[in-house]
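J.: The structure is given below, and queries will be raised subsequently.
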Amino acid sequence: MADKAQIQEAIKIQGEVVRKLKSEKASKEQIDEEVAKLLELKAQIGGDDGKHQFVLKTAKGTRDYNPKQMAIREKVFNTIIGCFKRHGAETIDTPVFELKETLTGKYGEDSKLIYDLKDQGGELLSLRYDLTVPFARYLAMNKITNIKRYHIAKVYRRDNPAMTRGRYREFYQCDFDIAGQYDGMIPDAECLKIVHEILSELDLGDFRIKVNDRRILDGMFAVCGVPDEKFRTICSTVDKLDKMPWEEVKKEMVNEKGLSEEAADQIGEYVSMQGGMALAERLLEDQKMSQSKQACAGLSDIKLLFSYLQLFQVTDKVVFDLSLARGLDYYTGIIYEAILTQAGVAPVSTEAQNGAPAEESVSVGSVAGGGRYDGLVGMFDPKGRKVPCVGVSIGIERIFSIMEQKAETSAEKIRTTEVQVMVASAQKNLLEERLKLVTELWNAGIKAEVMYKKNPKLLSQLQHCEESGIPLVAILGEQELKDGVVKLRVVATREEVDISRADLIDEVRRRTSEA
C-alpha cells in the first residue's frame, strides 16, 4: 500500500525532527508542536485493528493549566479584582459568542482574526474578540448611561499563535471601564492609576505607561499631509513602532500604503517625541500642530490628565509618547499602553519630561492597554445616543507567563490547595472518629482533609502534609479520645500540643489567621 509506505517514511523523518529538537534542548512549545505532528501522522496509519487512533493534544494556540499554574493565576486574578473593587467597580458577564454583525467593522484591520461559527439555526455568530464591544452592546441594549464595571473572561482570536511570547487563540482579558458623562480626564486618570497600582502590587519589575490621544494623532496626520481616507491605515502602521524600527515603518507607509515620502518624514519627526506636561505645552505652541483644532483639544486634555496624575502620584511611570497609536478603530480620545521594561531601567528621565527623547529602555512587551471610546455605544443604539466610555484591559496572559517564570526560579513552594488542617490518626480502627472530626471542622468553615484509607500510617499522613504545605495536623489516638482532646501538630516546627475538643476550632482559626 503506497500511501501507507509514504506515511511511514514521513513518520520516520518527523521522528528525526523531534529527536534533533530534544538533543538541541529546544523550547517545550517547539518540541510539543513537532510531537503533535508526529502523532497526527501515526494516527493516519491507525492501530492494528484498523481503527483511527485518537490524537491527544490541545487545539493550536490553546493550553491546559496544571494546579500549580492555576494557583499562580488565581493569585494574579485576586490582586487585579481586589484593585478593581477598591475603585468601586461592579462586575457583569456576557455570552462567549455574539451576533456576527455586532462584531463586524469594530476592529479595523484586525477584523480578519474574528472566529466565525458555523450557522446552527438561523443566526450568524462569532466568538467574541474582546470584552469592549460586547460591553458597548450591553450598555445600548439595556439603556445604561453610567456604570463602573470590570469583566474577566476568555476571548478568541484566529491569530498565528506564538505560545512562547504569550500569544494564544484563546485567552483571558481583564477589563475595567467607566461609562458615563463626567468632567474631562478624571475617569481617564483613574484608569491609569489602576494600571499603576496593579503592576506595582504584582511586582513584575520596572514598567512605563505610554499615553497619547487619537485626536493628536489625527491632527498630526492632517498637518503632515496624510489624506483623510488614509488616517486609519497609517495609524495601524504607526502602531507597529514598538515592534519595528522607524525605517521599516516608513517603508510600509510609502511603499505599501502610498504615502508621500515628505509626509512620512514629517510624521517621523513627531513620533520620536516623548515627554510629559511640558511637551504638551510645547506642541500647543508648535507652528504646525497649532493649526489643528483636534490636536489642540487632545493636547489640552493631556495637560489636564498630567495634572490629575500628579495628584494620584503616578507621574514617575507615565510618559506622553507621540508614537503610541493602538490600532483599534473605536478609540476617540486618550489612549495608553503599559510596557514592562527590563529590571534596572530608570523611570522616565527629567529630559524626557521636558520633551527630549526618553532614555532607551529594553521593552519586554505590553501588559495593559486602553483608552477612550466615546462613539462605540452609539453605534449600537437605535437612536445613536452616545455614552462616553474609557477603559483599560490588563494583559493577563503575559503577566501570568512572567509570574510563572518567577515562581520557577524562586525556591518558594507554591501551594495548590488551601487546606488548613489534616485530620490524622495515630492508631488503627479510628476511621469513624476521623470522619466525625473532619465533619466538625467542615461545618465550622475550616478547610480540612482526611486520607481515604481505613488505616493509614501516621508517617504517610504527615508526609502528605509536608508535600502539600498543610500547616496543621489534628491527630487522634485512643488516649486522646478518652481524654477528650486532640493532639495539634505544627507541621513546620513539629511541635505538638494537646487541645480540648471544644477549643479545637478556635485554636485552628487562631493559628491559621496568624500564618
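The values are calculated or read from the model by the stated rules, or taken from the named source; none is laboratory data. Everything numeric here is computed off the predicted structure, so don't read it as measured data. So basically every Cβ, Gly included, is an ideal-geometry build from the backbone, and we count neighbours across all protein chains shown. Accessible surface areas use protein heavy atoms only, side chains included; no ligands, DNA or RNA. Shrake-Rupley method; radii C 1.70, N 1.55, O 1.52, S 1.80 Å.
J.: Among (1) closer than 23 Å to residue 365 by Cα; (2) surrounded by fewer than 19 Cβ atoms within 10 Å (Cβ to Cβ); (3) touching a helix residue (DSSP H, G or I) at 6+ places or on another chain (Cβ under 8 Å), which single condition is residue 141 missing?
T.: So residue 141 meets the others, but not (1).
J.: Please work out which one of (1) free of Cβ contacts under 8 Å to residues at least 12 places away in the same chain; (2) more than 18 Å from the chain's Cα centre (by Cα); (3) surrounded by 12 or more Cβ atoms within 10 Å (Cβ to Cβ) is the condition residue 102 fails and give its number.
T.: (1)
J.: Which residues, counting only those in segment 264-277, are farther than 20 Å from residue 335 by Cβ and crowded, with 19+ Cβ neighbours inside 10 Å?
T.: 264
J.: If only one of 329, 301, 286 is out of contact with any Pro (no Cβ under 9 Å at 6 or more places or on another chain) and closer than 18 Å to residue 193 by Cβ, which one is it?
T.: Of 329, 301, 286, the one residue that is out of contact with any Pro (no Cβ under 9 Å at 6 or more places or on another chain) and closer than 18 Å to residue 193 by Cβ is 301.
J.: Where residues in segment 497-515 are surrounded by 15 or more Cβ atoms within 10 Å (Cβ to Cβ) and touching a helix residue (DSSP H, G or I) at 6+ places or on another chain (Cβ under 9 Å), which of them is nearest to residue 469 (Cα to Cα)?
T.: 508
J.: Output the number of residues of segment 444-460 satisfying the condition of being outside any strand (DSSP E or B), closer than 14 Å to residue 475 by Cβ and open to solvent by less than 60 Å² (accessible area, probe 1.4 Å).
T.: Final tally of qualifying residues: 4.
J.: Only residues that are surrounded by fewer than 17 Cβ atoms within 10 Å (Cβ to Cβ) and either of a type in the set (Phe, Trp, Tyr) or part of a loop (DSSP other than H, G, I, E, B) (or both): list them for segment 387-419, please.
T.: Result: 410, 411, 412, 413, 414, 415, 416, 417, 418.
J.: Taking the criterion of being loosely packed, with under 15 Cβ neighbours inside 10 Å and at pLDDT 85 or above, would at least one residue in segment 222-239 satisfy it?
T.: Within segment 222-239 (the criterion being loosely packed, with under 15 Cβ neighbours inside 10 Å and at pLDDT 85 or above), the answer is no, since none of the residues qualifies.
J.: Of the numbered conditions (1) among the hydroxyl-bearing types (Ser, Thr, Tyr); (2) in contact with a helix residue (DSSP H, G or I) (Cβ under 8 Å, 6 or more places away or on another chain); (3) at pLDDT below 90, residue 373 satisfies every one except a single condition; which is it?
T.: (3)
J.: Just give me the residues in segment 420-431 being of a type in the set (A, V, I, L, M, F, W, C) and open to solvent by 20 Å² or more (accessible area, probe 1.4 Å), in sequence order.
T.: Matches in segment 420-431: 426, 431.
J.: So is residue 440 surrounded by 13 or more Cβ atoms within 10 Å (Cβ to Cβ), among the charged types (D, E, K, R), touching a strand residue (DSSP E or B) at 6+ places or on another chain (Cβ under 7 Å) and farther than 30 Å from residue 134 by Cα or not?
T.: When the stated conditions are applied, residue 440 does not pass them.
J.: Continuing with the same structure: Looking only at segment 308-325, which residues are of a type outside the set (A, V, I, L, M) and open to solvent by 40 Å² or more (accessible area, probe 1.4 Å)?
T.: Selection gives 308, 310, 312, 313, 316.
J.: Something else: From the list 6, 53, which one is modelled with pLDDT under 80 and loosely packed, with under 15 Cβ neighbours inside 10 Å?
T.: 53
J.: While we're here: Of all residues in segment 465-478, count the ones that are within 38 Å of the chain's Cα centre (by Cα), within 24 Å of residue 506 (Cα to Cα) and outside any strand (DSSP E or B).
T.: Residues in segment 465-478 being within 38 Å of the chain's Cα centre (by Cα), within 24 Å of residue 506 (Cα to Cα) and outside any strand (DSSP E or B): 6 in total.
J.: Would segment 247-263 turn up any residue that is surrounded by fewer than 18 Cβ atoms within 10 Å (Cβ to Cβ) and of a type in the set (A, V, I, L, M, F, W, C)?
T.: yes
J.: With the condition kept exactly as written, say whether any residue in segment 216-226 is closer than 21 Å to residue 192 by Cβ and of a type outside the set (Lys, Arg).
T.: Yes; the residues of segment 216-226 include at least one that is closer than 21 Å to residue 192 by Cβ and of a type outside the set (Lys, Arg).
J.: Starting from residues that are more than 18 Å from residue 159 (Cβ to Cβ) and charged (D, E, K, R), keep the ones in segment 94-132 and report whichever is modelled with the lowest pLDDT.
T.: Step by step, filter segment 94-132, then rank; the result is 119.
To keep it simple, each residue is scored yes or no on (1) farther than 21 Å from residue 311 by Cβ; (2) open to solvent by 10 Å² or more (accessible area, probe 1.4 Å).
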| position | (1), (2) |
| --- | --- |
| 147 | yes, yes |
| 156 | yes, yes |
| 159 | yes, yes |
| 175 | yes, no |
| 188 | no, no |
| 201 | no, yes |
| 208 | no, yes |
| 213 | no, no |
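J.: Something else now. If a residue counts only when it is of a type in the set (Asp, Glu), which helices (runs of 4 or more DSSP H) contained entirely in segment 212-319 have at least 3 such residues?
T.: Helices (runs of 4 or more DSSP H) meeting the threshold: 261-271.
J.: Same structure again: Of (1) within 18 Å of the chain's Cα centre (by Cα); (2) open to solvent by less than 20 Å² (accessible area, probe 1.4 Å), residue 66 satisfies all except one. Which?
T.: Every condition holds for residue 66 apart from (2).
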